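Asks: Below is one structure. I have some questions about it.
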Amino acid sequence: MKRLLLLLIGLGIIASPGLTQAGVFVAPGKEMVDPSKGEHPSVTLSFDERYGPVVVTVVADEGGEFSKTWSWKSVVVGRDYAVHWKQPPGEVEYSLTVEMKSRGGEVFNEEVYFYVASAEPLQASIPPESVDLKTNSFDLVSNHGVVRVELEVMDDNRRIIGKSTFAVPEAELGARTRVTWEQSKEGNIFRIDAKAYDAYGYWAGVEIIPWTLQIPHEDVVFASGSHELVAEELPKLEPAWRQIVKAVKKYGEWVQCSLYIAGYTDTVGDRSSNQALSQRRALTLASYFKDQGATFPMFYRGYGEAVLAVPTEDNVAAEPNRRAVYVITAGPAPGGRDTPGGGWKRLR
């Protein structure tokens, strides 16, 4: 939209015999107003001689949907007369007309054009569940439309592995805009920094840490229908514990690390019993790590036979499905195929 901002200073009423020189000073207010702070479009007028009456009319040029009039029986020289009105979010061009009558009875009309944009400072967020590291994309939610997003992606070795500028041609108020980025290097994504810009010059910074680290390990073998750890299986947990401690020590300098432990079963037995059994086994593993001295948050959940590593028919004993997953994250619970949905319980 073309921006017109005219400041009318000392409008030239040409002097002639018997006519006093007249004029009005018109000063539009801020070109950019923030309604969240109570700001509105405004104009200040002052006059270089006494007029009366004076009528001021403001009209929104596009569509003429807004029109407002103010009037004074007379005005005083040197005094400021301010008018203001409410504007919905967006950009508007206005015309302001001043009609004033001199003491000699002559009527003068002057017109000024100006532009005002009304918008709250930009606010933006990235819903954690919207981040898809496979497609390098996420949803951006903003309180009003953005025109572009600048991104920087860092891996868990603090290397910049991607930079992009994503243009947003038509972002709707409060709508989710799917943003994608280009990645020049491979790496385990740790943090995404995004700066969103709107058409008014506002910007908002958003940071999200979608980082997860899965700990490789040898699965503990529980006795059929049992969640008790036996002494012979404990050596399998020791290497996993050392890796967990190492990872938390390294990444805990940057973020709060949490450990999520998921348990699974094969399809032998009914689904309800398997769900409960996997929950108890996940709790057993979490309790073991706590006994080793874990001070970071730990969460556990059983998936039973709902998420099979190897798809099988019902009542099939498959050792790969009797497993556990250990995942460290920097915040939200892990997502993905192995750990879908919520329902995690924190170990107290």
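The values are calculated or read from the model by the stated rules, or taken from the named source; none is laboratory data. As the structure is a prediction and not an experimental result, all values here were calculated from the model. Note: ideal-geometry Cβ built from the backbone for every residue, glycine included; neighbour counts use all protein chains shown.
Asks: Of (1) surrounded by fewer than 14 Cβ atoms within 10 Å (Cβ to Cβ); (2) at pLDDT 95 or above; (3) assigned by TED's automatic domain parsing to the domain that holds PHE166, LYS195 satisfies all except one. Which?
Replies: The failed condition is (1).
Asks: Criterion first (closer than 29 Å to GLY341 by Cβ, touching a strand residue (DSSP E or B) at 6+ places or on another chain (Cβ under 7 Å), assigned to a strand (DSSP E or B) and not β-branched (Val, Ile, Thr)) does PHE138 satisfy it?
Replies: Considered against the rule, which asks whether it is closer than 29 Å to GLY341 by Cβ, touching a strand residue (DSSP E or B) at 6+ places or on another chain (Cβ under 7 Å), assigned to a strand (DSSP E or B) and not β-branched (Val, Ile, Thr), PHE138 comes out as yes.
Asks: Still on this structure, please answer the following. For ASP314, are the conditions met, namely being more than 29 Å from MET154 (Cβ to Cβ) and in contact with a Lys or Arg (Cβ under 8 Å, 6 or more places away or on another chain)?
Replies: Numbers: more than 29 Å from MET154 (Cβ to Cβ): yes; in contact with a Lys or Arg (Cβ under 8 Å, 6 or more places away or on another chain): no.
Here the answer is no, as ASP314 does not meet what is asked.
Asks: Taking into account only those residues within the stretch 97-128 that are within 48 Å of the chain's Cα centre (by Cα), polar (S, T, N, Q) and part of a strand (DSSP E or B), which is farthest from ARG178 (Cα to Cα)?
Replies: Residue satisfying both the conditions and the ranking: THR97.
Asks: Filter the strands (runs of 3 or more DSSP E) completely within the stretch 236-348 down to those with at least 1 residues that are of a type in the set (Ser, Thr, Tyr) and in contact with a Cys (Cβ under 8 Å, 6 or more places away or on another chain).
Replies: Answer list for the stretch 236-348: 324-329.
Asks: For the subset of the stretch 154-213 comprising residues that are among the charged types (D, E, K, R) and part of a strand (DSSP E or B), which member is farthest from PRO332 (Cα to Cα)?
Replies: LYS163
One line per residue, one yes/no per condition, for (1) surrounded by 19 or more Cβ atoms within 10 Å (Cβ to Cβ); (2) in the same structural domain as PRO297 (by TED's automatic domain parsing); (3) of a type in the set (A, V, I, L, M, F, W, C); (4) touching a Pro at 6+ places or on another chain (Cβ under 6 Å):
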{"residue": "PRO235", "(1), (2), (3), (4)": "no, yes, no, no"}
{"residue": "VAL245", "(1), (2), (3), (4)": "no, yes, yes, no"}
{"residue": "GLY252", "(1), (2), (3), (4)": "no, yes, no, no"}
{"residue": "VAL255", "(1), (2), (3), (4)": "no, yes, yes, no"}
{"residue": "LEU259", "(1), (2), (3), (4)": "yes, yes, yes, no"}
{"residue": "TYR264", "(1), (2), (3), (4)": "yes, yes, no, no"}
{"residue": "THR267", "(1), (2), (3), (4)": "yes, yes, no, no"}
{"residue": "ARG271", "(1), (2), (3), (4)": "no, yes, no, no"}
